[in-house]
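Input: a single structure, listed below in structure tokens.
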Ligand code: ADP
Ligand code: MG
């Protein structure tokens, strides 16, 4: 037997669990069932795709309770883990952004949303147990299995388990019953039933206790919307997303005919902490005729909609489909186009049906959505239609349509200025003449704004125009024709002095109070973009 230490982050997280920062401890069972269900999916898939020899005739999850011994057992006959996997998967937290998140967690102890984003999973067992034993045997490996045990403090032990069957058995040694305030105990039959029904009813494998199956196993996406409660959708969302916060919007899709598929999509209510991290998990779950095929199918949804969670169940794909094939599959590309269209139109509907939800959506995900302007030229219009931007017209963001409504008599272009912050943009010398003349200017401060404005020529027939570039037409090109008059010698002097640094020195109407400002040519890159490229080392 070996005694090992938990990795530092894992230890911190366990600490938080032992001191129970969740007010709702019931979720430990949901987490165990969710892991068991994943393990069963994996075994079925390994047999299907890799030809692993395994008995998959009765894949199931079993719950056993012993009130006398105060133990609760969750057992599955799924894929199991090797010894190395147990050490790696249970002893460490391999997820990105962990340290950062733990910092936040400790600041805000009562913040289930944060933990939810994090998906504490297996460790949540230590909220209700003072010792946890895990015995597992990986399918397809000979010999013995592995036994892991811990009291959730600094260390765990690991040992051989000679007779362990294929799959995983987790035994919780429940904390002493609190006689004073607990209305229930996790050894109560009704309590177990209630938790399973509430959190895990949709799990597609039977969850058994004795001779009874506790869940209905109905695939949520296959049921008519009117028959599913919000609570059921929310639990399913948690199962697939590990996000504690209820989703902002639920989308059902069903296509019949030559190519059949069903989809159940969720638009989260908040951005995950790793929305802008390269290695973050993204993509949808793919099922074929109710059989789970893979997680994180990036092929089903473009990167700029990577925050969308959900399931696609396609009827006509092969169960053996691989990621490589997925990338080229015509049907998958078609589904993807339809999903994009549906997501964008759902957001558009929100704008009128629920402006508050829309505002939340845009605040959380707008920066990602705007990447779509670069990725999908065909979708410029629907993306711009759901976009909103900070503006000199008041403190609330505006849509482009609303901007166009407000355009002044004779104004033909949509004016914007990019920069690092609202105040920087507002105080820019470029802004002076526009402010003085009462023109509205969009204030674009996201890094991605620097880039998409170069590839999006217009909206609704109106050109998008940076007020920092070229000559702006406020006074019908007078700028160009302005007689130099008394300023001739000064301009000559400045041109000579600044020779290396500027192309030209000219008089301008652009300014009202500042003496001078730097302007780029219409097709030069903006100063902020120049800075961004420089920061990227280009
Ligand atoms: P998550 O499920 O979000 O990955 P967990 O803490 O719940 O995080 O589980 C960590 C990992 O341990 C899982 O990803 C899985 O690889 C492994 N694991 C947990 N429970 C089981 C199980 N019953 N069978 C096989 N592997 C499991
Ligand atoms: Mg889990």
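The values are calculated or read from the model by the stated rules, or taken from the named source; none is laboratory data. Keep in mind the model is a prediction, meaning the values are calculated, not measured. Heads up, the Cβs are rebuilt from the backbone with ideal geometry, glycines too, and the neighbour counts pull from every protein chain shown.
General remarks:
- The residues in the stretch 2-58 that are at positive phi and at pLDDT 90 or above can be counted, and the count is 1.
- Where a residue in the stretch 319-335 is surrounded by fewer than 16 Cβ atoms within 10 Å (Cβ to Cβ) and its partner, wherever it lies, is assigned to a helix (DSSP H, G or I), with Cβ under 6 Å and at least six apart: 319/48; 320/49; 327/299
- Of the residues making up the stretch 125-163, those that are part of a loop (DSSP other than H, G, I, E, B) and either without any contact (Cβ under 8 Å) to a residue 24 or more places away in the chain or in contact with a strand residue (DSSP E or B) (Cβ under 9 Å, 6 or more places away or on another chain) (or both) are 128, 138, 139, 142, 143, 144, 151, 152, 154, 162, 163.
- The listed residue being within 16 Å of ligand 1 (Cβ to nearest atom), surrounded by fewer than 20 Cβ atoms within 10 Å (Cβ to Cβ) and free of Cβ contacts under 8 Å to residues at least 24 places away in the same chain, out of 211, 296, 279: 296
- Of all residues in the stretch 222-245 being in a loop (DSSP other than H, G, I, E, B) and under 21 Å from the mean Cα position of the chain (by Cα), the one that is farthest from ligand 1 (Cβ to nearest atom): 245
- Applying the criterion of being part of a loop (DSSP other than H, G, I, E, B) and within 36 Å of the chain's Cα centre (by Cα) to the residues of the stretch 164-183, the residue that is farthest from ligand 1 (Cβ to nearest atom) is 175.
- Residue count for the stretch 404-452 satisfying the condition of being within 35 Å of the chain's Cα centre (by Cα), without any contact (Cβ under 8 Å) to a residue 40 or more places away in the chain and crowded, with 16+ Cβ neighbours inside 10 Å: 1.
- Just so you know, in the stretch 246-266 the residues that are farther than 14 Å from residue 357 by Cα and surrounded by 19 or more Cβ atoms within 10 Å (Cβ to Cβ) include one that is farthest from ligand 1 (Cβ to nearest atom), and it is 261.
- Total residues in the stretch 70-84, condition more than 7 Å from ligand 1 (Cβ to nearest atom) and touching a residue at least 12 places away in the same chain (Cβ under 8 Å): 9
- Summed over the stretch 68-114, residues that are at pLDDT below 65 and assigned to a loop (DSSP other than H, G, I, E, B) total 8.
- Residue within the stretch 345-366 that is under 25 Å from the mean Cα position of the chain (by Cα) and in a loop (DSSP other than H, G, I, E, B) present: yes
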